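The values are calculated or read from the model by the stated rules, or taken from the named source; none is laboratory data. Not measured: the values here are computed from a predicted model. Counting neighbours? That spans all protein chains shown, and the Cβs are built from the backbone with ideal geometry, glycine included. Just so you know, the surface numbers come from the protein's heavy atoms only, side chains and all, with ligands and any DNA or RNA stripped out. Shrake-Rupley method; radii C 1.70, N 1.55, O 1.52, S 1.80 Å.
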Amino acid sequence: MRNPLRTRAWHLASRAFLSVAVAGVLFGAAVLGCETGDPVEVVREQQRSGDYEGSLALLKELLLERSGDAEIQFLYGRALSGLGQASLAEWSLRQAMKDPEWFLPASQQLAQNTLGTGDYARAVETATAILEANPDHLGALLVRAKAGAHLRHDPEKVLTDVERIVALDPGNIETYEPRILALITLERIDEATQALEEMGEQIEETELGQDRRAWHCTTTVIFAEEREELEAARAQWEICLERYPSDAMVVAGAMTFFDARGELERSLEIARHALDEAPASREYRRLVAERLRLRGSSKEGEAILREATRSERASVAAGAWLDLANHQSAEGAHVAAAESAGRSVALARQQGRLTAQLLLEYADILLLARQLERAEAVADEMRVEPHAEVVRARVAQLRGQPGRALEHFDAAFLLWPNNAPARYYAAEAAEAIGDFDRAIEQFRYSIRIAPGATNARVRLAQLLFAQGSLEEALQAVRTKADEHPLDLEGELLSIRLFAELGQTAPVRHMLEAAYAKGPGSGGQAMASATQGVRGRSGAEAATRVLGASKIVRLDDPRQSDVLRLFVRYSLEADQSDAGREAISSALAAHPRAAELHQIEGLRRELSGAPPEAARASYRQALALDPASAHALAGLGRLALRGGDPRAALAYFERAIASDNASPEWKRLAARALLASGPSRDAQERLATFVREQPYDAQIALSLAELDLASGRSDERTLAAARRAARFGGGAAAQDMLRRIHEVRDEPEAAHQAAARARVLRGSEGGEEGEGS
């Protein structure tokens, strides 16, 4: 059985490794030459004095003139590293590594950066490259041991590196951490415990810094936790907190312990005490404010941050204004956040400490506030060109200029290729112009850089699923899902894909986990699984699965998503009695449940009952819950079938306002807009729907139809039809493409579309929306 200690240890040790990588000097500084009169020597001197920011302006000029100069690339990467821009520095450092003369200093810097940012795979790769040239390079051995311990791919190799370090430097206490973690990975717990005890003895015999002592104290208590000696662990945490009340590892570990036991007030008390012990700490001030915000005491948290803005030390006040801005932004007060961030920038500028990172954060806050002109002005002020290009790209994107945004993103990626959020936004921009192959490439790039940094995994999976690439979609969404858990949307998509691909074991496991959280979560998960079964084997199989399930309660309003599908699929499978009995039983048990009246209205609507009967059920649902999106949509469908698209659209817009996340209401609204005939307002509303639901064939097809009816056949119209064809629009989408190409006088393309329509016709299928 896998020992649970392994998982907990990583949460602990990551902080220790990062603190060592950042605080310690792993490698000696590169020996830079001196050449009088050479502008490069000016840069060298600036960097020797720690003025990395000041060296950037000259370096940018030198790069334009001598981009192939390895030393210039190294100095640029080193400057960015010194400013905390490790990912931005990587490209230049790798360019410098191509020159044998600069390979060692550049690779040393890159190894230090990747370890410090937790990019352990690249840290191992870079350290290994150094060791191939110099097998006894102590710094590289230590980086590879530490990073390898985190990766957990080859713990035996980690132990081999540790042994080599000990042979070269017998007193090196830094080897204990990777050794302990490697032993835990191998489940050699007794040896790990012994190593921990040895480390404790060595700590007592040597004058080590507080960080090592705190690490040992924290690791000891984690071992007690994993042995389920909870009272001992609680007592040990109190000892650690008494000895090291402001140590980051101790504070974080103790708060995790108490949070897990629901003692949130104790965790807040720990954070407050840490701030009392280290009143100048921005980290603890932010931690306390954030805890208060999450508790619902946002004003108290804001007061703590505002107090620091009144500091006589301008640097402290500047940092506090930025922290306040982030606090306000988290509360949705984006305009106030922009003003606070502006105060931070003004103070920093007065002190001559306006850093590239501060300008980037300021621009990001301005973008959230939609203050695009101010963000653009900040971009013009930036000396780090990739930063400026990303900001310009986002400004263009928010102005509805995706093509222009992509030009700026491309410029940024030349020197900042490993920016996961920017890659994600670039994918969205590519989607907006209908270049889905490019979007797929950018989403994948974002995932490779940082699987957990954005929801690129979910977006890519949705795109691939919509175009019918189920296995690729599943692979995308499950990328490193164990290390970076998915949100609810990603979990539900995973369940549906597993079910549609016939992989029952993971479906069963995920359903059990969902139902353990409660019937509401379980119902959502079961609904996704049922949709997958229907997609794979048809409505009858889906109905059979639900009928045989031992965990589904069809009469429980909290599982109404499941009952709704059961009613739909039973009618589709010509088993209407089963659906009628299920909803009747549920209504008898819960006569005031709005969800159930809505489902009864749907059953009546789909079974061909008189419209008034279905309308009565929907109205009863609205009487119980005026915001019921399903009931509003049901009344809209009835109005649409009754020949009143305007009334239908009003209902659908209310459904969208109630539940904007569902594409179904926008799909129905698109049908109503199409039935209303072409108008500028209708076409622009559909264009908005297309942007919000980029993979929906029906919405895209509606836009193309209205555009064409109004005499429009430009690139937008053509892109909408191509979008519909890509995402399952079938023969109808190909017919639309044929018509558009004919209007555009493109006979060959029209002929090809007509041929594809003939092939597709007769093989139409797929899941329809409710009431279709």
task: Scan the range 343-367 for residues that are touching a His at 6+ places or on another chain (Cβ under 6 Å) and loosely packed, with under 15 Cβ neighbours inside 10 Å and jot them down.
output: none
- line: Selection from the range 362-386 of residues at pLDDT below 95 and either under 16 Å from ALA86 (Cα atoms) or among the aliphatic types (A, V, I, L, M) (or both) yields MET382, VAL384, GLU385, PRO386
- request: Would you be able to say whether some residue in the range 528-538 is of a type outside the set (Asp, Glu) and free of Cβ contacts under 8 Å to residues at least 24 places away in the same chain?
  value: yes
message: Against the condition open to solvent by 60 Å² or more (accessible area, probe 1.4 Å), within 25 Å of ASP437 (Cα to Cα) and part of a helix (DSSP H, G or I), how does ARG716 come out, does it pass?
response: no
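Report whether or not THR219 is in a helix (DSSP H, G or I), of a type in the set (S, T, N, Q), touching a residue at least 40 places away in the same chain (Cβ under 8 Å) and more than 21 Å from ASP276 (Cα to Cα). First the steps, then the outcome.
Values: in a helix (DSSP H, G or I): yes; of a type in the set (S, T, N, Q): yes; touching a residue at least 40 places away in the same chain (Cβ under 8 Å): yes; more than 21 Å from ASP276 (Cα to Cα): yes.
Yes, satisfied.
In this structure, does GLU229 turn out to be surrounded by fewer than 22 Cβ atoms within 10 Å (Cβ to Cβ), out of contact with any strand residue (DSSP E or B) (no Cβ under 9 Å at 6 or more places or on another chain), among the charged types (D, E, K, R) and modelled with pLDDT under 90? Step through it out loud before you land on a result.
Working: surrounded by fewer than 22 Cβ atoms within 10 Å (Cβ to Cβ): yes; out of contact with any strand residue (DSSP E or B) (no Cβ under 9 Å at 6 or more places or on another chain): yes; among the charged types (D, E, K, R): yes; modelled with pLDDT under 90: yes.
Yes; evaluated as a whole, the condition is true for this residue.
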task: Could you please let me know if LEU80 is surrounded by fewer than 18 Cβ atoms within 10 Å (Cβ to Cβ), in a helix (DSSP H, G or I) and modelled with pLDDT under 90?
output: no
- prompt: Applying the selection to the range 288-342, what residues are hydroxyl-bearing (Ser, Thr, Tyr), surrounded by fewer than 23 Cβ atoms within 10 Å (Cβ to Cβ) and either closer than 22 Å to SER246 by Cα or touching a helix residue (DSSP H, G or I) at 6+ places or on another chain (Cβ under 6 Å) (or both)?
  reply: THR309, SER311, SER315, SER329
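Please indicate, with yes or no, whether at least one residue in the range 398-407 is of a type in the set (S, T, N, Q) and surrounded by 21 or more Cβ atoms within 10 Å (Cβ to Cβ). Step through it out loud before you land on a result.
Pass one, the range 398-407, residues of a type in the set (S, T, N, Q): 401.
Now restrict to residues that are surrounded by 21 or more Cβ atoms within 10 Å (Cβ to Cβ): none.
Looking for residues that are of a type in the set (S, T, N, Q) and surrounded by 21 or more Cβ atoms within 10 Å (Cβ to Cβ), one finds none in the range 398-407, hence no.
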message: Show the residue pairs meeting these rules: Cβ distance below 6 Å; 6+ apart or different chains; first residue within the range 226-247 and free of Cβ contacts under 8 Å to residues at least 24 places away in the same chain; second residue surrounded by 14 or more Cβ atoms within 10 Å (Cβ to Cβ) and aliphatic (A, V, I, L, M).
response: ALA232/ALA224; GLN236/VAL221; GLN236/ALA224; TRP237/VAL221; TRP237/ALA254
Search result, residues across the range 62-76 that are over 18 Å from LEU88 (Cβ atoms) and either free of Cβ contacts under 8 Å to residues at least 12 places away in the same chain or within 34 Å of the chain's Cα centre (by Cα) (or both): GLU65, ARG66, GLY68, ASP69
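In the list ASP707, ASP735, which residue meets the criterion of being open to solvent by 20 Å² or more (accessible area, probe 1.4 Å) and either more than 30 Å from ALA527 (Cα to Cα) or at pLDDT below 95 (or both)?
Numbers: ASP707 fails: open to solvent by 20 Å² or more (accessible area, probe 1.4 Å).
None of the others qualify; the one that does is ASP735.
Condition test on ALA214, is it over 28 Å from the mean Cα position of the chain (by Cα), among the hydrophobic types (A, V, I, L, M, F, W, C) and farther than 20 Å from ASP190 by Cα?
Values: over 28 Å from the mean Cα position of the chain (by Cα): yes; among the hydrophobic types (A, V, I, L, M, F, W, C): yes; farther than 20 Å from ASP190 by Cα: yes.
Against the criterion (over 28 Å from the mean Cα position of the chain (by Cα), among the hydrophobic types (A, V, I, L, M, F, W, C) and farther than 20 Å from ASP190 by Cα), ALA214 qualifies.
Count, please, the residues in the range 160-207 that happen to be open to solvent by 20 Å² or more (accessible area, probe 1.4 Å) and touching a helix residue (DSSP H, G or I) at 6+ places or on another chain (Cβ under 8 Å).
First pass over the range 160-207, keeping only residues open to solvent by 20 Å² or more (accessible area, probe 1.4 Å): 160, 163-164, 166-172, 174, 176, 179, 186-191, 193-194, 197-198, 201-202, 204-207.
After this cut, where a residue has to be touching a helix residue (DSSP H, G or I) at 6+ places or on another chain (Cβ under 8 Å) as well, the list is 164, 166, 168-169, 172, 174, 176, 179, 186-187, 189, 191, 193, 198, 202, 206.
Going through the range 160-207 one residue at a time, the tally reaches 16.
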- request: Taking only the range 329-339 into account, find how many residues are more than 23 Å from the chain's Cα centre (by Cα) and touching a residue at least 24 places away in the same chain (Cβ under 8 Å).
  value: 2
message: Here is a list: GLN350, GLN357. Which entry is more than 27 Å from GLU692 (Cα to Cα) and touching a Leu at 6+ places or on another chain (Cβ under 9 Å)?
response: GLN357
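Return the residues of the range 340-354 that are under 24 Å from GLU373 (Cβ atoms) and without any contact (Cβ under 8 Å) to a residue 12 or more places away in the chain; say none if nothing qualifies. First the steps, then the outcome.
At the first step, the residues of the range 340-354 found to be under 24 Å from GLU373 (Cβ atoms) are 340-350, 354.
Across the range 340-354, the qualifying residues are ALA346, ARG349, LEU354.
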statement: ALA280 fails exactly one of (1) surrounded by fewer than 19 Cβ atoms within 10 Å (Cβ to Cβ); (2) assigned to a helix (DSSP H, G or I); (3) over 26 Å from the mean Cα position of the chain (by Cα), namely (2)
task: Output yes when any residue across the range 745-756 is part of a loop (DSSP other than H, G, I, E, B) and not hydrophobic (A, V, I, L, M, F, W, C), and no when none is.
output: yes
query: Would the range 90-98 turn up any residue that is modelled with pLDDT of 90 or more, part of a helix (DSSP H, G or I), open to solvent by less than 30 Å² (accessible area, probe 1.4 Å) and more than 26 Å from PRO451 (Cβ to Cβ)?
result: yes
statement: For helices (runs of 4 or more DSSP H) lying entirely in the range 612-707, having 3 or more residues that are under 30 Å from the mean Cα position of the chain (by Cα) picks out 645-658, 663-676, 680-692
Per-region count, the range 56-77, residues surrounded by fewer than 18 Cβ atoms within 10 Å (Cβ to Cβ) and part of a helix (DSSP H, G or I): 6
message: So GLN442 passes all but one of these: (1) open to solvent by 60 Å² or more (accessible area, probe 1.4 Å); (2) in contact with a Phe, Trp or Tyr (Cβ under 9 Å, 6 or more places away or on another chain); (3) more than 30 Å from ALA336 (Cα to Cα). Which condition number does it fail?
response: (1)
- prompt: So is GLU265 open to solvent by 10 Å² or more (accessible area, probe 1.4 Å), under 30 Å from GLU225 (Cα atoms) and part of a helix (DSSP H, G or I) or not?
  reply: yes
